[in-house]
Amino acid sequence: MTPLPLTPPARPRLGDISFLNCAPLRWALADGGAREDFGVLSAPPEALARELTRGTLDVSPVSLVQYLRNTDRLMLLPGPVIGSDGPVLSCHLVTRGASPAELDGATVALSTTSRSTVLLVRMLLEDFVGVRPRYVAHRQDLDAMLAAADAAVLIGDDALRLTVAKRPGLALHDAGQLWRRCTGLPMVFAVWAVRRQYAQERQPQVRAVHEALAAAVDRARLAPLAVAAAAHRESLGSPAGPVPFDVLLRYYRAIDYTFGKRQLEAIREFSRRAAAHGEVPAGLEPEFAPGLAPGETGTPPPPRPPATRQEKENDQAHRTVQIQGRDHVGNARGAGGGACLPASGSRGSGTA
Ligand SMILES: C=C(O[C@@H]1C=C(C(=O)O)C=C[C@H]1O)C(=O)O
């Protein structure tokens, strides 16, 4: 008879993005009682990617670009993802009123907190609009970024707060919405990745993490009011001030944790474009942890609320784009190079 181990196997060590985009999962893991099954580290995405590749975390959400740059060490969980099928509300190109087409030769400050959105915006500007800005990496601080540059790309709670704060003269261009307009695809900003070695040696643990996350996504979807209330309480502790409850309700209708066929297609499209820019290796194919079949994570999201007049107009504009010519990585793009992008941003009060 094999003796029982004296100590139980170490709990899987999970990363948790310390932004409001993961508040629904924090709430649901705690509410469902699964939180105690894991060791959890909450940190910004770039710190989580560092810890995961160093081996001090086992499974973590990481920026899509960080996954694509580390496929030799990481594998994918087939869900959840942090994505949006349209505006995401928390990943913006911010200008002083300029449209993307007016940024040729301009300086754009790129937040060092982001890996995916900063590359996404560069690809949108260069591949779809056809402008060539100059880029500077900058700590995420909007005022300092706009003092040093003509435009800034920022993500997370700082960007979400901008969609509610009235900042006269500023135009917000939602990165999720721009990508959707230009490609017709959802955007996947972050994925849950597992260390390759851990995925191979600890299949039952990886399965348990995946199941707990899928159950958390389901639990959060069924309780939008409790989720928004919990996120609002979290935001009360921030020096930047609370995010209103109704904004959070809207935010969690925009954020989509689903990992289905369209998200896989979106990852492939992003990866292909990023490779054409020399930012990730060419020819990558997403690889899932052994034993975990890709499929939809959780139940389908609830139907979207009826479109506003503005959204209907945007949609109409998207449908009437004439596809003409090819961009420099060989993709069809709209007439005039930037036809899938709006002529000007929404000034002062955000895109939502
Ligand atoms: C939607 C978001 O997703 C994120 C965007 C990331 C990026 O741009 O690299 C990384 C992780 C996620 O936090 C957000 O932060 O607002």
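The values are calculated or read from the model by the stated rules, or taken from the named source; none is laboratory data. Nothing here was measured: the structure is a model prediction, and the numbers come from that model. Cβ sites come from the backbone with ideal geometry, for glycine too, and all protein chains shown count toward neighbours. Accessible surface areas use protein heavy atoms only, side chains included; no ligands, DNA or RNA. Shrake-Rupley method; radii C 1.70, N 1.55, O 1.52, S 1.80 Å.
Details
- Answer residue from the range 81-95, given it is β-branched (Val, Ile, Thr) and part of a strand (DSSP E or B) and is farthest from the ligand (Cβ to nearest atom) among those: THR95
- When we screen LEU178, LEU160 for residues that are of a type outside the set (S, T, N, Q), farther than 30 Å from PHE38 by Cα, crowded, with 17+ Cβ neighbours inside 10 Å and outside the structural domain of LEU20 (by TED's automatic domain parsing), the only hit is LEU178.
- Residues located in the range 65-75, provided they are away from the ligand (no atom under 12 Å from the Cβ) and surrounded by 24 or more Cβ atoms within 10 Å (Cβ to Cβ): LEU74
- Residue match in the range 212-219 (condition: within 20 Å of the chain's Cα centre (by Cα) and closer than 22 Å to LEU68 by Cα): yes
- The lone exception for PRO78 - which of (1) touching a strand residue (DSSP E or B) at 6+ places or on another chain (Cβ under 9 Å); (2) within 16 Å of the ligand (Cβ to nearest atom); (3) at pLDDT 95 or above it fails: (2)
- Count of the range 48-59 residues which are open to solvent by less than 20 Å² (accessible area, probe 1.4 Å) and either outside the structural domain of ALA228 (by TED's automatic domain parsing) or not in a loop (DSSP other than H, G, I, E, B) (or both): 4
- Just so you know, in the range 185-223 the residues that are in contact with a helix residue (DSSP H, G or I) (Cβ under 6 Å, 6 or more places away or on another chain) and more than 16 Å from the ligand (Cβ to nearest atom) include one that is most open to solvent (accessible area, probe 1.4 Å), and it is ARG219.
- Residues of the range 129-182 that are in a loop (DSSP other than H, G, I, E, B) and either touching a Phe, Trp or Tyr at 6+ places or on another chain (Cβ under 8 Å) or within 16 Å of the ligand (Cβ to nearest atom) (or both): ARG139, GLN140, ASP141, THR163, VAL164, ALA165.
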